[in-house]
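Visitor: Structure incoming, see below.
The values are calculated or read from the model by the stated rules, or taken from the named source; none is laboratory data. Not measured: the values here are computed from a predicted model. Note that each Cβ is placed from the backbone with ideal geometry, even for glycine, and that neighbours are counted across all protein chains shown. Surface areas here come from the heavy atoms of the whole protein model, side chains and all, with no ligands, DNA or RNA. Shrake-Rupley method; radii C 1.70, N 1.55, O 1.52, S 1.80 Å.
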Amino acid sequence: MPAPQPYWFALKVFYGKASRVEEDFRRAGHDTYLPAIIKALLFVHCTEAELRRYKATHETAMLYYTDPASEDTSRPGRIPDREMEVFRIATTIAATDPGAIYLGSDTARLCRGDRVRVTEGLYKGAEGYVKRIRHARKVLVAIQGVAVVALSNIHPDFLEKID
């Protein structure tokens, strides 16, 4: 039987415990990502079983975001590698961009509009949705059901519509 496949999962880490939880997963050999612009959010690449085992013994340190599409409300939400890659690029760059803002958790009202890919410039390769926020056009990059970041200062000529 093949070994269980690792996936990216999003964790809400409770106050002051992010570095400990991140270190625990790193010591166990898992890739992690702690976006600088979003406090208390940690991503970990591991199997679902490993995530559940950690949660069972560290109940007061974190919780995981569940899969909004699953009928099983306790199932951890798997994040596709490509979605994680784009979100990582966007949040890493956004940490140094004064025009980028963190909008909180991803909601349907934030994801209306055309889906686009940035073809040139600082955010080349990012994919998201076009939205007007505070009278300016932004590209929203999201982890479905977890978080959304708004990127600004992207020339319209650098946006390619995705069908």
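Visitor: At 0.36 nm per residue, and after removing the present C-alpha to C-alpha distance, how many nm does the segment from Phe14 to His155 gain when stretched out fully?
Guide: 47.0 nm
Visitor: Per-residue accessible area for Lys161 at 1.4 Å probe radius, Å² rounded to 10?
Guide: 130
Visitor: Starting from the Cα gyration tensor of the chain, take the square roots of the eigenvalues, sort them a ≥ b ≥ c, and report rounded, prolate or oblate (rounded when a/c is under 1.5, otherwise prolate if a/b is larger than b/c, else oblate).
Guide: prolate
Visitor: Could you run the Karplus curve 6.51 cos²θ - 1.76 cosθ + 1.60 with θ = phi - 60° over segment 142-151 and give me ³J(HN,Hα) per residue in whole Hz, x for Gly and Pro?
Guide: 9, 9, 3, x, 10, 7, 9, 10, 9, 9
Visitor: Might you report the magnitude of the Cβ-based charge dipole of the chain about its Cα centre, with Lys and Arg at +1 and Asp and Glu at -1, to the nearest 20 debye?
Guide: The calculation lands at about 520 debye.
Visitor: Next question, about the same structure. Please list, ordered by chain and number, the residues whose modelled amide H lies under 5 Å from the amide H of Leu159; skip anything fewer than 5 residues away on the same chain.
Guide: Amide H to amide H, under 5 Å and 5 or more residues apart or across chains, Leu159 pairs with Thr119.
Visitor: Related question: Please list the helices of the chain that count as membrane-span-like by this rule: a mean Kyte-Doolittle hydropathy of at least 0.0 together with Cα atoms stretching 18 Å or more along the helix axis, each helix being a complete DSSP H run.
Guide: 81-94
Visitor: Using only the Cα atoms of segment 6-85, each taken as one equal point scatterer with no solvent, compute I(q) by the Debye sum, divide by I(0), and report log10 of the ratio at q = 0.25 Å⁻¹.
Guide: Here log10 of I(q) over I(0) equals -1.37.
Visitor: With 29 Å as the limit, write out which pairs from Lys12/Lys138; Lys39/Lys138; Lys17/Lys138 have Cα-Cα distances beyond it, or answer none.
Guide: Over 29 Å apart, Cα to Cα: Lys17/Lys138.
Visitor: Take the solvent-accessible surface of the protein heavy atoms, probe 1.4 Å, and return the percent of it on segment 1-44 that carbon and sulfur atoms account for.
Guide: After summing per-atom areas, the C and S share lands at 57 percent.
Visitor: I've got another one for you. Considering Cα pairs under 8 angstrom that are at least six residues apart, work out the relative contact order of the chain and quote it in whole percent.
Guide: In percent, rounded to a whole number, it is 20.
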